[in-house]
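S.K.: My questions all concern the structure below.
The values are calculated or read from the model by the stated rules, or taken from the named source; none is laboratory data. On a predicted model such as this, the values are computed, not experimentally measured, just so you know. Neighbour counts are summed over all protein chains in view; Cβ atoms, including those assigned to glycine, are modelled from backbone coordinates with ideal geometry. Surface accessibility is based on the protein's heavy atoms, side chains included, excluding ligands, DNA and RNA. Shrake-Rupley method; radii C 1.70, N 1.55, O 1.52, S 1.80 Å.
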2 protein chains.
Amino acid sequence: MRIGQLAARTGLTTKTIRFYESAGVLPAPARRPSGYRDYDEDAVDRLAFVKAAQAAGLSLAEIREIITVRASSGAPCQHVLALLDSHAADLDRRIAELTALRADVERLRSRAGTLDPATCSPAAVCQVIPADVVAQPVPTT
Amino acid sequence: MRIGQLAARTGLTTKTIRFYESAGVLPAPARRPSGYRDYDEDAVDRLAFVKAAQAAGLSLAEIREIITVRASSGAPCQHVLALLDSHAADLDRRIAELTALRADVERLRSRAGTLDPATCSPAAVCQVIPADVVAQPVPTT
DNA sequence: CTAGGGCTTCCACTGCGCTGGAAGGTCAAG
DNA sequence: CTTGACCTTCCAGCGCAGTGGAAGCCCTAG
């Protein structure tokens, strides 16, 4: 099938599918004489795997690595399990960070009612946010 | 004081301080005849505010907006409170998403032990990650 | 024959908060 | 006078997962 139909069947855009090919998570398909990409059914399965792995929080780089392991040394189960463990640990850390941040924000919120706007110095901008907020900046990852 | 000393006193780099100026969260300071930036004590307070606001999860754009409100219409308390509320709601959403994702990963992990590697098809890459993973991809924001 | 929809490539851009480096000016100590 | 630390500007790039657009080819229907 051509890329448009693959896109329709997977819910991705043609742009994204070409991007996945360049990112190494989808093998380059056969080409028709016209130069059009010509996909087989495996491509649908592969894209389903990519979506599922993304939903499990894996990056395209990690997904590519899994695929490489699979291609070179058979079942990547151990590798995948290690990745999942590492991601679970990441998630625990991030959840803890965000929860702490949530508590700090709540603390600021509830403290705000006790403040007198007149005591707010210009250089400090706003005393609702004091200089001793506890939580560290949240890493985006 | 010059930018290097301000950096030393705030724990930021000179690069970051110049970047903050260009981002509109730190006013352009006076200049010496040499062209060197010459900061006063207020700059220390301002940078402390920026750090605290960042620690509270605010973006530089939001911090700049708070500063603008402060400069134009006095105390930005209401604005800041609204921002904090909105961020608290964001945090609740993100924590819920990550918690759901964490549960999904755990589910995959524990299910993995029951699988037979021999039933793993090449196109699907790895059956540890099946196509019906529930959670949606986590938005980075 | 022409219009259109689909396909190709390539390059640039998004958001965010910096960080690195190049090329050059300034200033105090030795 | 020279060295070296410090400062200036500007331009580029990171990571991530795409998205947008331009220029041009392929194919089919009317």
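S.K.: With a 1.4 Å probe and every protein chain kept in, tell me what percent of the accessible surface of the stretch A:3-75 is carbon plus sulfur. Show your work: numbers first, answer last.
M.R.: On the way: 1940 of 3720 Å².
Carbon plus sulfur share of accessible area: 52 percent.
S.K.: Continuing with this model, one more query. Suppose a student asked you for the relative contact order of the stretch A:3-75, using Cα pairs under 8 Å spaced at least 6 residues apart; what percent would you report? Mind showing how you got there, number by number?
M.R.: Values: 49 pairs, mean separation 20.0, N = 73.
Computed value for the stretch A:3-75: 27 percent relative contact order.
S.K.: Helix by helix, which DSSP H runs in chain B go 20 Å or more along their axis at the Cα atoms and have an average Kyte-Doolittle hydropathy of 0.0 or more?
M.R.: On the way: long enough: B:41-55 (22 Å, 0.11); B:77-112 (52 Å, -0.16).
Membrane-span-like by this criterion, though nothing is claimed about a membrane: B:41-55.
S.K.: What residue among B:Ile17, B:Ile67, B:Ile95 shows peak mean-square fluctuation when chain B is described by a Gaussian network model with Cα springs under 10 Å?
M.R.: B:Ile95
S.K.: Distances in nm, one decimal, shortest first, from A:Gly35 to the same residue in every other copy, taking the label point 7 angstrom along Cα→Cβ.
M.R.: Spacings between copies for this position, smallest first, are 5.0 nm.
S.K.: I'd like the projected area of chain A, averaged over all directions, using the convex hull of its alpha carbons. Report it in nm² with one decimal. Could the numbers behind the result be given before it?
M.R.: Working: hull surface 54.5 nm².
The directionally averaged projection comes out at 13.6 nm².
S.K.: Which whole number gives the average count of other chain Cβ atoms within 10 Å of the Cβ atoms across peptide A:49-62? Write down the numbers at each step before the final one.
M.R.: Values: counts 9, 3, 4, 10, 6, 6, 11, 12, 9, 3, 0, 0, 0, 0.
The mean count of partner-chain Cβ atoms within 10 Å per residue comes to 5.
S.K.: Right, here's the next one. Which of rounded, prolate, oblate describes the protein assembly as shown, given a ≥ b ≥ c as roots of the alpha-carbon gyration tensor eigenvalues and a/c under 1.5 marking rounded, otherwise prolate only if a/b is larger than b/c?
M.R.: On the way: a/c = 2.80, a/b = 2.12, b/c = 1.33.
Prolate, since a/c reaches 1.5 and a/b exceeds b/c.
S.K.: If you don't mind, another one. For the stretch B:1-98, what is the accessible area per residue in Å² when the probe is 1.4 Å?
M.R.: On the way: 4890 Å² over 98 residues.
Computed with neighbouring chains in place, this is 50 Å² per residue.
S.K.: With a 1.4 Å probe on protein heavy atoms only, work out how much accessible surface A and B bury together, total over both chains, in Å² to the nearest 100. All intermediate terms of the calculation are to be shown ahead of the outcome.
M.R.: Details: alone 9580 and 9580 Å², together 14600 Å².
Approximately 4600 Å² gets buried when A meets B.
S.K.: What is the extension gain from B:Ser110 to B:Ala23, computed as 0.36 nm multiplied by their sequence separation minus the C-alpha to C-alpha distance, in nm to one decimal?
M.R.: Taking B:Ser110 through B:Ala23 to full extension adds about 26.6 nm, to one decimal.
S.K.: Give the cross-link partners of A:Lys15 among the aspartates and glutamates, using a straight C-alpha distance below 16 Å as the criterion and excluding same-chain residues fewer than 8 apart.
M.R.: A:Lys15 reaches A:Asp38.
S.K.: Further question on the same structure: Per DSSP helix of 4 or more residues, -39500 (n - 2.57); summed, then divided by the residues of chain B. What does that give at 222 nm, rounded to the nearest 500? Walk me through the numbers on the way to the answer.
M.R.: Working: 5 runs with 82 residues, N = 141.
Value at 222 nm, helices only, nearest 500: -19500 deg cm²/dmol.
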